1. Condition first: loosely packed, with under 13 Cβ neighbours inside 10 Å, hydrophobic (A, V, I, L, M, F, W, C) and on the phi > 0 side of the Ramachandran plot. Can you find one or more residues in the stretch 167-180 that meet it?
2. Only residues that are in a helix (DSSP H, G or I) and under 30 Å from I80 (Cβ atoms): list them for the stretch 150-196, please.
3. Considering every residue within the stretch 94-105, establish whether at least one is within 30 Å of T189 (Cβ to Cβ) and in a loop (DSSP other than H, G, I, E, B).
4. Would you check which residues across the stretch 102-130 are under 17 Å from T62 (Cα atoms) and in contact with an Asp or Glu (Cβ under 8 Å, 6 or more places away or on another chain) and list them?
5. Which residue pairs have Cβ atoms under 6 Å apart, sit 6 or more places apart or on different chains, and have a first residue in the stretch 180-196 that is under 18 Å from I164 (Cβ atoms) and a second that is surrounded by 10 or more Cβ atoms within 10 Å (Cβ to Cβ)?
6. So, of the residues in the stretch 65-75 that are surrounded by 13 or more Cβ atoms within 10 Å (Cβ to Cβ) and assigned to a strand (DSSP E or B), which turns out to be modelled with the lowest pLDDT?
7. I'm trying to understand the selection: among the residues of the stretch 40-64, which are part of a loop (DSSP other than H, G, I, E, B), touching a Ser or Thr at 6+ places or on another chain (Cβ under 8 Å) and more than 25 Å from V138 (Cβ to Cβ)?
8. Starting from the stretch 133-162, keep only residues that are closer than 20 Å to T77 by Cβ, then list their pairs with residues that are among the acidic types (D, E) and in a helix (DSSP H, G or I) whose Cβ atoms are within a distance under 9 Å, requiring at least 6 positions of separation or different chains.
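The values are calculated or read from the model by the stated rules, or taken from the named source; none is laboratory data. Predicted model only: the values in this text are computed from it and were never measured. FYI the Cβ positions are ideal-geometry reconstructions off the backbone, even for glycines, and counts take in every protein chain you see.
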Amino acid sequence: MAVVVNPGLDRSVTFLCINSFLTDQLVKLGKFTSNSRTTSTGAPQGCILSPLLFSLYTNDCTSTDPSVKLLKFSDDTTVIGLIQDGDESAYRQEVEQLAAWCSLNNLELNTLKTVEMIVDFRRNTPALPPLTIMNSTVPTVETFRFLGSTISQDLKWDTHIDSILKKAQQRLYFFRQLRKFSLPQELLTQFYSAII
């Protein structure tokens, strides 16, 4: 809790609000109510305040090298490093520091969801040694999803546009199938608004 109330906020009010939010949580569904629970670490998944609490909690997790940027959104963190003249030491050091910061602050870095993408426009790209985090080799990929967009190694939009078109075609197919069942127009409109 000390990490969260650190960035110049009124400590007593902030502490009371966050403590109240994390204490005695329960779920109600119709006439059923779960037992209450207190969250000792983390924040409830899917809760509207969880991304804000993550941002406050990770406020002091920053890059120390100007050639490396940490991008944080909700509960995801992306490390972007500019490697010049083949010197990737700053990038690798920042990745190590991020892993150490997570360990120190009781956050689990999910190495199974961690990937590395190298963007290099040189004709002869030298092979780089694999990146490891907590003794796990990080796979190198040609594309990955970042905040709803598909980023590719060549930084072109083709892969992203293909992904959107495929998703739109699938949804339009389902929409056409639903129309065959003579569903009410209102239900079809709701479905259309929800998925397209």
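1. no
2. Restricting attention to the stretch 150-196, the residues satisfying the condition of being in a helix (DSSP H, G or I) are 158-179, 185-195.
Listed by number, the residues that qualify are D158, T159, H160, I161, D162, S163, I164, L165, K166, K167, A168.
3. Within the stretch 94-105, the first condition is being within 30 Å of T189 (Cβ to Cβ), and the residues that meet it are none.
The answer is no, given that none of the residues of the stretch 94-105 is within 30 Å of T189 (Cβ to Cβ) and in a loop (DSSP other than H, G, I, E, B).
4. C102
5. Pairs that qualify, where the first residue is under 18 Å from I164 (Cβ atoms) and the partner is surrounded by 10 or more Cβ atoms within 10 Å (Cβ to Cβ), are I195/R171; I196/R171.
6. So the first thing to find is which residues in the stretch 65-75 are surrounded by 13 or more Cβ atoms within 10 Å (Cβ to Cβ), and the list is 65, 67-70, 72, 75.
Of the ones still in play, those that are also assigned to a strand (DSSP E or B) are 68-70, 72.
On the way: V68: 94, K69: 95, L70: 93, K72: 88.
Once the filter is applied, the top-ranked residue is K72.
7. A43, P44
8. I133/E96; T150/D162
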